[in-house]
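Undergrad: Here it is: the structure, laid out below.
The values are calculated or read from the model by the stated rules, or taken from the named source; none is laboratory data. Everything numeric here is computed off the predicted structure, so don't read it as measured data. Positions of Cβ are generated from backbone atoms using ideal geometry, with glycine treated the same way; all protein chains shown enter the neighbour counts. Areas reflect the complete protein model, heavy atoms only, side chains present, ligands, DNA and RNA absent. Shrake-Rupley method; radii C 1.70, N 1.55, O 1.52, S 1.80 Å.
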Amino acid sequence: MSTKTTRQIDAEIFGRETHFEYSEHWIGYALVSMRVVMGWVLLQGGVTKLITYLNATPDDNWTASGFLLHAIPEGNPFTGAFAAMAGMPLIDILVMWGLTLTGLGLIVGGLVRFNAFWGAFMMMMFWAASLTGGLMQGLPVAHGWVVDDHLVYAVLLFGIGAAGSGRILGLDAYIEKMEFVKNNRVLRLFLG
């Protein structure tokens, strides 16, 4: 029979002392739920692109080029950089497989910190693509006021990785027990 333990955290956040209690029981459920749901969002995005890419003719398969050339909002400070990426097969591969593998890794709880970092990086790139050019030209982000879904996902992924949620009902709990991982500090940075 498990007991529901309440713990207290004493931390300094932004130079200010903070103290709060939390329930280990509910934090565990929350972390696993966030990890699996975020993994599903990424996996679904990647798999739909992969299926379209693999089942289409060479003339109509999925590519990031259409978005990079035509969907970047007017006034975006990175328009030239995104346009330069259009048509690069490496970008298509990174988007399709990056979303798919990152999502799968989060769902199974494997290499969670590594996957959370790269997932957050992709989300920040997608967020940067939605910038409009500032308040003088309209809203700073195409679908919000600075914060849009990509920024929310990036922050969520940061929390998933920082908390080491792969240790809760995930493969990282088993991988971390392997002797070669215990003896390699660098490998431990990718897990959790």
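Undergrad: Where in the chain is the longest stretch that carries no trypsin sites (Lys or Arg not before Pro) classed as loop by DSSP and with at most 15 other Cβ atoms within 10 Å?
TA: It works out to 5-176.
Undergrad: Considering Cα pairs under 8 angstrom that are at least six residues apart, work out the relative contact order of the chain and quote it in whole percent.
TA: Relative contact order for the chain comes out at 22 percent.
Undergrad: Continuing with this model, one more query. What fraction, in whole percent, of alpha-carbon pairs in the stretch 65-116 exceed 13 Å separation?
TA: So the pairs more than 13 Å apart make up 64 percent of the total in the stretch 65-116.
Undergrad: Right, something else. Can you pull the Rg over Rh of the chain, Cα-only, Kirkwood?
TA: That ratio is 1.05, to two decimals.
Undergrad: Just the accessible area for Ile13, please: 1.4 Å probe, Å², rounded to the nearest 10?
TA: Counting only protein heavy atoms, Ile13 exposes about 90 Å² to solvent.
Undergrad: How do 155-165, 75-85 rank on mean C-beta neighbours within 10 Å, highest first?
TA: Ranking, from highest mean packing down: 155-165, 75-85.
Undergrad: Okay, moving on. Any chance you could run the full-extension gain for Glu74 through Glu179? It's 0.36 nm times the residue separation minus the Cα-Cα distance, nm to one decimal.
TA: Gain in length upon complete extension: 32.5 nm.
Undergrad: Taking only protein heavy atoms into account and a 1.4 Å probe, give the accessible area per residue of the stretch 23-104 in Å².
TA: Per-residue accessible area for the stretch 23-104 comes out at 59 Å².
Undergrad: For Ala83 and Thr5 in the same chain, what is the full-extension length gain: residue separation times 0.36 nm, less their Cα-Cα distance, in nm?
TA: 22.8 nm
Undergrad: Quick one: what do you get for the stretch 14-67 if you divide its Cα Rg by 2.2 N^0.38 Å?
TA: 2.02
Undergrad: When the helix-only estimate is applied to the chain (DSSP H runs of n ≥ 4, each -39,500 (n - 2.57), divided by the residue count), what is the mean residue ellipticity at 222 nm, nearest 500 deg cm²/dmol?
TA: -18000 deg cm²/dmol
Undergrad: Next question. Trp145 to Thr18: extension gain in nm, 0.36 nm per residue of separation minus the Cα-Cα distance?
TA: 42.8 nm
Undergrad: Considering Cα pairs under 8 angstrom that are at least six residues apart, work out the relative contact order of the stretch 54-135 and quote it in whole percent.
TA: With pairs under 8 Å counted, the relative contact order is 39 percent.
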